[in-house]
Amino acid sequence: DSPVYAVTTEGLIVIEGDVWRKIETLPDAAVSLAIDPQDPKTLYVGTVGYGAHRSSDGGQTWQPINQDLGF
């Protein structure tokens, strides 16, 4: 019943049942995605050159989580 998320060259795609939608707010140069198994609305992305970001609302907004990562 949880959504399926995919990072593509076009951005973040969310699939819920038969509905596909693109989330336009994905941080620049995102190349990896992790989903919290306890809360599928909490997402983490890694980027090229911009560090890591977290979203607690299914990708609508993002916060950098780069403290102590050297960014």
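The values are calculated or read from the model by the stated rules, or taken from the named source; none is laboratory data. Bear in mind the structure is a predicted one, so any value in this text is a computation, not a measurement. Heads up, the Cβs are rebuilt from the backbone with ideal geometry, glycines too, and the neighbour counts pull from every protein chain shown. Side chains are part of the model used for accessible areas, which takes the heavy atoms of the whole protein and leaves out ligands, DNA and RNA. Shrake-Rupley method; radii C 1.70, N 1.55, O 1.52, S 1.80 Å.
Quick notes on this structure:
- Sulfur and carbon atoms: percent of accessible area, the chain [1.4 Å]: 51 percent
- Here's how it looks for residue 33: its modeled amide H is under 5 Å from those of 46, which are all 5 or more places away or on a different chain.
- Label point at residue 20 placed 7 Å out along Cα→Cβ; residues across the stretch 37-71 whose backbone nitrogen lies under 20 Å: 59-60
- Relative contact order of the chain, defined on C-alpha pairs under 8 angstrom at six or more residues apart (%): 21 percent
- Within the listed set 18, 39, 57, the Gaussian network model of the chain (springs between alpha-carbon atoms below 10 Å) gives the highest mean-square fluctuation for 18.
- Among the chymotrypsin sites (Phe, Trp or Tyr not before Pro) in the stretch 1-66, those located in a DSSP loop and surrounded by at most 15 other Cβ atoms within 10 Å of their own Cβ are 50.
- Contour excess over end-to-end distance, with Cα ends at residue 36 and residue 61 and 0.36 nm allotted per residue: 7.4 nm
- The chain: Rg to Rh, with Rh as the Kirkwood radius over Cα pairs: 0.96
- In order along the stretch 46-60, the phi-based Karplus estimate (6.51 cos²θ - 1.76 cosθ + 1.60, θ = phi - 60°) of 3J(HN,Hα) comes to x, 10, 8, x, 10, x, 10, 9, 10, 10, 9, 10, x, x, 6 Hz; Gly and Pro are listed as x.
- Phi-derived couplings, Karplus 6.51 cos²θ - 1.76 cosθ + 1.60 at θ = phi - 60°, listed residue by residue for the stretch 3-9: x, 9, 10, 9, 8, 10, 5 Hz, with x used for Gly and Pro.
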